[in-house]
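A.B. asks: Handing you a structure now.
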């Protein structure tokens, strides 16, 4: 089986439910509180592993209780944690307030995630060497992301960049991306094209391909997803489910893509598989608590 290396963030999500969002200076009594493992890197690694991938993780946690819990969850999901380093100080946390309309407010403290350096990539280079596919997001320092992509391409790896949270990226980063997986907003920020329809997506995708990206899969929310390369365009409809919480849906989708591509599935099969995984994730609450496994997908009546 081809191996997948995920490089990215590991956060503990601290989630509290309230009837309504607090106003400036206001103190509210919340209801349910949960500690849920998250972080885009961790979510994508967990998704890939639960969906049949052979996964290792490169990242950092702090030497605190949250770091212990995050590592424990990765190991429970059969992810190789040899390249997850423990840093002096706090782990990354996300403070999430959710109101009765499922609207949320999120503050992220990156903690150890922002201490991932180029030297750390060199220390963990065996994780990349041993893998066929490298998956990266944007919740670690940009210089480290740029370096990790450069090293991955030097080693001949298939690189997937999920450009979230969305920021402008230099051409030196984009040129080392084989598969880019933005949503419409992220593609708009990356390309500078205002996206209103499919033609705008094509124009934006062409700009990214001129910069070196080989393939794009643009997620369109409840509408589905669109694959583009220099010669082809394919649309896959989404699966209709009763959505409860969209947290980690995009991460689940990206993790599923990495698995399907590593199994040499066709583009259509890959996108359909990822669409099923992403759809199932919104039927449950939380980040890693919502990510399905192969049994869930095989036995759900879509």
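The values are calculated or read from the model by the stated rules, or taken from the named source; none is laboratory data. Predicted model, so just to flag it, every value in this text is computed and none were measured. Glycine also receives a Cβ, built like all others from the backbone with ideal geometry; neighbour counts cover every protein chain displayed.
A.B. asks: Within the range 164-184, restricting attention to residues that are under 17 Å from the mean Cα position of the chain (by Cα) and surrounded by fewer than 17 Cβ atoms within 10 Å (Cβ to Cβ), which residue is modelled with the lowest pLDDT?
C.D. replies: Result: 166.
A.B. asks: If you go through the range 161-180 one residue at a time, do you hit one that is without any contact (Cβ under 8 Å) to a residue 60 or more places away in the chain, under 30 Å from residue 14 (Cα atoms), out of contact with any helix residue (DSSP H, G or I) (no Cβ under 8 Å at 6 or more places or on another chain) and assigned to a helix (DSSP H, G or I)?
C.D. replies: So far as the range 161-180 goes, no, none of its residues is without any contact (Cβ under 8 Å) to a residue 60 or more places away in the chain, under 30 Å from residue 14 (Cα atoms), out of contact with any helix residue (DSSP H, G or I) (no Cβ under 8 Å at 6 or more places or on another chain) and assigned to a helix (DSSP H, G or I).
A.B. asks: OK, next. Of the residues 111, 127, 156, only one is at pLDDT 95 or above and loosely packed, with under 15 Cβ neighbours inside 10 Å; which?
C.D. replies: 156
A.B. asks: Limited to the range 246-260, what total is found for residues that are in a helix (DSSP H, G or I), more than 20 Å from residue 301 (Cα to Cα) and touching a helix residue (DSSP H, G or I) at 6+ places or on another chain (Cβ under 6 Å)?
C.D. replies: Residues that pass the stated criteria total 7.
A.B. asks: Moving to a separate point now. Looking at residue 187, is it in a helix (DSSP H, G or I) and buried (at least 18 other Cβ atoms within 10 Å of the Cβ)?
C.D. replies: Judged against the criteria, residue 187 is a match.
A.B. asks: May I pose another question? Take the residues of the range 12-48 that are closer than 30 Å to residue 81 by Cα and without any contact (Cβ under 8 Å) to a residue 60 or more places away in the chain: which is farthest from the chain's Cα centre (by Cα)?
C.D. replies: Within the range 12-48, the match that is farthest from the chain's Cα centre (by Cα) is 33.
A.B. asks: List pairs: first in the range 96-108 and in contact (Cβ under 8 Å) with a residue 24 or more places away in the chain, second surrounded by fewer than 12 Cβ atoms within 10 Å (Cβ to Cβ) and not in a loop (DSSP other than H, G, I, E, B), Cβ under 9 Å, 6+ apart or cross-chain?
C.D. replies: 96/107; 97/107
A.B. asks: Considering only residues of the range 56-65 that are in contact (Cβ under 8 Å) with a residue 40 or more places away in the chain and farther than 12 Å from residue 87 by Cα, which is surrounded by the fewest Cβ atoms within 10 Å (Cβ to Cβ)?
C.D. replies: The extreme case among them is 56.
A.B. asks: I need the full set of residues from the range 97-108 which are under 18 Å from the mean Cα position of the chain (by Cα) and crowded, with 18+ Cβ neighbours inside 10 Å, in order please.
C.D. replies: Scanning the range 97-108 gives a single hit, 108.
A.B. asks: Here is a follow-up. May I ask you to list the residues in the range 267-302 that are assigned to a loop (DSSP other than H, G, I, E, B) and modelled with pLDDT under 95?
C.D. replies: 282, 283, 284, 285, 286, 287, 300, 301, 302
A.B. asks: Let me ask you something else. Might you check whether a residue that is closer than 16 Å to residue 159 by Cα, over 16 Å from the mean Cα position of the chain (by Cα) and crowded, with 20+ Cβ neighbours inside 10 Å occurs anywhere in the range 236-257?
C.D. replies: No, the range 236-257 contains no residue that is closer than 16 Å to residue 159 by Cα, over 16 Å from the mean Cα position of the chain (by Cα) and crowded, with 20+ Cβ neighbours inside 10 Å.
A.B. asks: Against the condition part of a loop (DSSP other than H, G, I, E, B) and crowded, with 17+ Cβ neighbours inside 10 Å, how does residue 138 come out, does it pass?
C.D. replies: For residue 138, the condition - part of a loop (DSSP other than H, G, I, E, B) and crowded, with 17+ Cβ neighbours inside 10 Å - is met.
A.B. asks: I'd like the full set of residues that are surrounded by fewer than 17 Cβ atoms within 10 Å (Cβ to Cβ) and either in contact with a helix residue (DSSP H, G or I) (Cβ under 7 Å, 6 or more places away or on another chain) or more than 26 Å from residue 35 (Cα to Cα) (or both), limited to the range 273-293.
C.D. replies: Once the filter is applied, which keeps residues that are surrounded by fewer than 17 Cβ atoms within 10 Å (Cβ to Cβ) and either in contact with a helix residue (DSSP H, G or I) (Cβ under 7 Å, 6 or more places away or on another chain) or more than 26 Å from residue 35 (Cα to Cα) (or both), the range 273-293 yields 284, 293.
A.B. asks: Inside the range 120-135, can you point out the residues that are in a helix (DSSP H, G or I) and either within 19 Å of residue 88 (Cβ to Cβ) or touching a strand residue (DSSP E or B) at 6+ places or on another chain (Cβ under 8 Å) (or both)?
C.D. replies: 120, 121, 123, 127, 128
A.B. asks: Would a scan of the range 225-244 turn up a residue that is under 22 Å from residue 38 (Cβ atoms) and touching a strand residue (DSSP E or B) at 6+ places or on another chain (Cβ under 8 Å)?
C.D. replies: No, there is no match, as no residue in the range 225-244 is under 22 Å from residue 38 (Cβ atoms) and touching a strand residue (DSSP E or B) at 6+ places or on another chain (Cβ under 8 Å).
A.B. asks: Here's another thing I want to ask about it. Given the condition more than 26 Å from residue 277 (Cβ to Cβ), surrounded by fewer than 22 Cβ atoms within 10 Å (Cβ to Cβ) and free of Cβ contacts under 8 Å to residues at least 24 places away in the same chain, answer yes or no: does some residue in the range 69-91 qualify?
C.D. replies: There is no residue in the range 69-91 that is more than 26 Å from residue 277 (Cβ to Cβ), surrounded by fewer than 22 Cβ atoms within 10 Å (Cβ to Cβ) and free of Cβ contacts under 8 Å to residues at least 24 places away in the same chain.
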